[in-house]
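Trainee: Dumping the structure here so I can ask a few things about it.
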Amino acid sequence: MPKPEIEFSLLADAEWRAAEGYPPGVKEKVLANDPETGALTRLLRFEPGARTTQVLTHDFWEEVYILEGKLIQGESVFEQGSYACRPPGMLHGPYYAPEGCTTFEVRYYL
């Protein structure tokens, strides 16, 4: 089943939940997903002080836009308005969000 057809919906209706595969302090609000293909659109929120510990890579395309806050990866600081487009296999992370961060993320396969 592809992602569902959704006409504007209040995001307040969707719940924040622990993001699978992430440490405590990282939550997601899934906006749309296709369980068969893994295509996903979500908000990802890092609570203040949240930190991931792994370098990540995956088999899907991922686009991420920072809505608020900032993420730190090594010496690099990515602030509100920063955008990433990651093809399959691209290494990224780990991340630290000293003041917290909320991102908009889209995952898909070509």
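The values are calculated or read from the model by the stated rules, or taken from the named source; none is laboratory data. This is a predicted model, so every value here is computed, not measured. FYI the Cβ positions are ideal-geometry reconstructions off the backbone, even for glycines, and counts take in every protein chain you see. We work out accessible area using only protein heavy atoms, side chains counted, and drop any ligands, DNA or RNA first. Shrake-Rupley method; radii C 1.70, N 1.55, O 1.52, S 1.80 Å.
Trainee: May I ask you to verify whether Thr41 is modelled with pLDDT of 90 or more, part of a loop (DSSP other than H, G, I, E, B) and polar (S, T, N, Q)? Step through it out loud before you land on a result.
Mentor: Details: modelled with pLDDT of 90 or more: yes; part of a loop (DSSP other than H, G, I, E, B): no; polar (S, T, N, Q): yes.
So Thr41 does not fit the description; no.
Trainee: Among the residues of segment 44-76, how many are among the hydrophobic types (A, V, I, L, M, F, W, C) and out of contact with any Ser or Thr (no Cβ under 6 Å at 6 or more places or on another chain)? Break it down stepwise before answering.
Mentor: Let us first name the residues in segment 44-76 that are among the hydrophobic types (A, V, I, L, M, F, W, C), namely 44, 46, 50, 55-56, 60-61, 64, 66-67, 71-72.
Keeping just the survivors that are out of contact with any Ser or Thr (no Cβ under 6 Å at 6 or more places or on another chain) gives 46, 50, 55-56, 60-61, 71-72.
Total meeting the criteria: 8.
Trainee: For Glu79, state whether it is in contact (Cβ under 8 Å) with a residue 12 or more places away in the chain and touching an Asp or Glu at 6+ places or on another chain (Cβ under 7 Å). Quick ask: steps written out before the conclusion?
Mentor: Values: in contact (Cβ under 8 Å) with a residue 12 or more places away in the chain: yes; touching an Asp or Glu at 6+ places or on another chain (Cβ under 7 Å): no.
The answer is no for Glu79.
Trainee: What number of residues in segment 47-102 are outside any strand (DSSP E or B), surrounded by 12 or more Cβ atoms within 10 Å (Cβ to Cβ) and among the aliphatic types (A, V, I, L, M)?
Mentor: Qualifying residue count, segment 47-102: 1.
Trainee: I would also like to ask the following. Val30 - would you say it is in a strand (DSSP E or B) and free of Cβ contacts under 8 Å to residues at least 12 places away in the same chain? Show your work before the answer.
Mentor: Values: in a strand (DSSP E or B): yes; free of Cβ contacts under 8 Å to residues at least 12 places away in the same chain: no.
For Val30, the condition - in a strand (DSSP E or B) and free of Cβ contacts under 8 Å to residues at least 12 places away in the same chain - is not met.
Trainee: Here's something else I'd like to know. Which of the residues spanning segment 1-31 are touching a Lys or Arg at 6+ places or on another chain (Cβ under 8 Å), open to solvent by 60 Å² or more (accessible area, probe 1.4 Å), closer than 27 Å to Thr57 by Cα and of a type in the set (A, V, I, L, M, F, W, C)?
Mentor: Trp16, Ala18
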